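Only one structure is covered here, and it is reproduced in the block below.
The values are calculated or read from the model by the stated rules, or taken from the named source; none is laboratory data. Just so it is clear, the model here is predicted, and its values are computed rather than measured. Cβ atoms come from the backbone with ideal geometry, glycine included; neighbour counts cover every protein chain shown. For accessibility, only protein heavy atoms count, side chains too; no ligands or nucleic acids. Shrake-Rupley method; radii C 1.70, N 1.55, O 1.52, S 1.80 Å.
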Amino acid sequence: MARPRKPLLSRERIVTTALALIDAEGLAALSTRRLAAELGVSGPSLYNHFTTKDGILDAVADTVIAEVDVSALATGTDWRTGLLAWARSYRAALAAHPHIVPFLAQGPGRRPAGLKMADAAFGGMVEAGWPPAQATRICAMVRYFVAGSALGSFARGFVDDPSAYDPADYPHLGQAHLLAEHQQRVDEGAFETGLLALVDGLALRHPAPAPPPRA
């Protein structure tokens, strides 16, 4: 029997192609018609795997979140170590796919990987002694911070033309034209500075351990 000329359509292939399209051209580029064309299939064939475009986006978003390592949040790990490792892995996953971040920022919805990450983060903080309400706020804070950091580049927001920063108008921006050249170091350094400040600040507010029972 002759082999099919094109790979068989599958959920994994649809999601992989959709993510590649979003990475290359942004969320607005994704439509079922465009995705079908990229896959070399007819539009209706997608509905054998996904009933809506939002279903495809959910699967793409969950694929990205599945890359986040939450293992350091396991019970018994120092909460600071776990929080730092989670935030760094979370940012790395989102920074690799910045165009999907606005969709991810809406929350996990019913997506399994998103809910597992939320469960691990919240559980890790509660197990470390944080009250549930405060643990919820900490997890939300990390999500805000990571999403904002991954959404765009601070350094690339400055043009590399020295003439754009006339010292008569901007006396403190004489080196701003160099920021884009050092984008990774600037952006990652800013993230690390903020993350460490957040964790150090939380450490000052961590509930004191209960005293041991009297004999």
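Selection of helices (runs of 4 or more DSSP H) fully inside region 42-117 by the criterion of at least 1 residues being buried (at least 21 other Cβ atoms within 10 Å of the Cβ) and over 11 Å from the mean Cα position of the chain (by Cα) returns 53-65, 79-95. Within region 20-41, restricting attention to residues that are in a helix (DSSP H, G or I) and of a type in the set (G, A, S), the residue that is least open to solvent (accessible area, probe 1.4 Å) is A36. Examine region 157-165 for a residue that is closer than 30 Å to L84 by Cβ, part of a helix (DSSP H, G or I), open to solvent by 50 Å² or more (accessible area, probe 1.4 Å) and modelled with pLDDT of 95 or more, and state whether such a residue exists. No, region 157-165 contains no residue that is closer than 30 Å to L84 by Cβ, part of a helix (DSSP H, G or I), open to solvent by 50 Å² or more (accessible area, probe 1.4 Å) and modelled with pLDDT of 95 or more.
How about region 118-135: which of its residues are over 18 Å from the mean Cα position of the chain (by Cα), within 19 Å of L195 (Cβ to Cβ) and not in a loop (DSSP other than H, G, I, E, B)? G124, M125, Q134, A135, listed by residue number.
Looking at V146, V199, just one residue is open to solvent by less than 50 Å² (accessible area, probe 1.4 Å) and touching a Phe, Trp or Tyr at 6+ places or on another chain (Cβ under 8 Å), and that residue is V146.
Would region 168-176 turn up any residue that is surrounded by 13 or more Cβ atoms within 10 Å (Cβ to Cβ), in contact with a helix residue (DSSP H, G or I) (Cβ under 8 Å, 6 or more places away or on another chain), part of a loop (DSSP other than H, G, I, E, B) and aromatic (F, W, Y)? No, the conditions are met nowhere in region 168-176.
Here V70, V60 are screened, and the one residue that is under 30 Å from G129 (Cβ atoms) and in contact with a Phe, Trp or Tyr (Cβ under 9 Å, 6 or more places away or on another chain) is V70.
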